[in-house]
Amino acid sequence: MEIWQNINMSWVTSYRDQNIRTWLTWVFAKGTKEQCQVFCCALWVLWSSQNQMVHEKKLVSVRDLVQKIRTYLAELEGVGKEKRTLKTVRIQRQRKEKTKDTIQFNAAFDANRYRSASGIIVRDRRGEIIVLKTTLHSNTSSSFLAEASACLQAIKLGTFMGLRSVTIMGDSKTVIKKCQTTDMDKSIIGPVIRDIQSYSSRFQEIIFQFIQ
């Protein structure tokens, strides 16, 4: 609640239906284009924070979460350049030197309802965000399956956009490691990994990269 208040989006919490699909539909129907953009960025940051808490036992303060949301928004709007640190400038220069588009995926898992949501950000070779996408999944049995499904969505989006050379980035070390090999995966997420391997062959070049 406090996070939504800090980014002037407290109205999204007024919806009482606990079904995440109808909630998302309601938000996108009610909000303006700018509000929906803020909403997507906030969800992405919250999902990343949740994964850090689950996998790394790392808690992130509300203040830091709000700052991350505002940073994403600044990138989208192309403002706030004068406030960026030297470290950010170096990152931008590295991005300009990249020869691949990047697709970053993340997932949120609802263990009580066996559902998940995947968030995807596509950046061009200059590091600029060109696509934000959210997908809901049902019958999700574990957080690992949620991450694998998000990765598959990232691969599918890349092929749909006609990208030829990409770097797929995710914060699930297990999923990234499985995607980096062509060996047959016999785990519970094996069918999804095999789909990922199949779609990967459609790219001229693809790299799977773990990010923290």
Residues satisfying the stated conditions in segment 143-171, i.e. at pLDDT 90 or above and small (Gly, Ala, Ser): Ala146, Ala148, Ser149, Ala150, Ala154, Gly158, Gly162, Ser165, Gly170
What do you reckon, is Asn106 within 26 Å of Val27 (Cα to Cα), among the polar types (S, T, N, Q) and outside any loop (DSSP other than H, G, I, E, B)? yes
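The values are calculated or read from the model by the stated rules, or taken from the named source; none is laboratory data. Given the structure is predicted, the values throughout are model-derived calculations rather than measurements.
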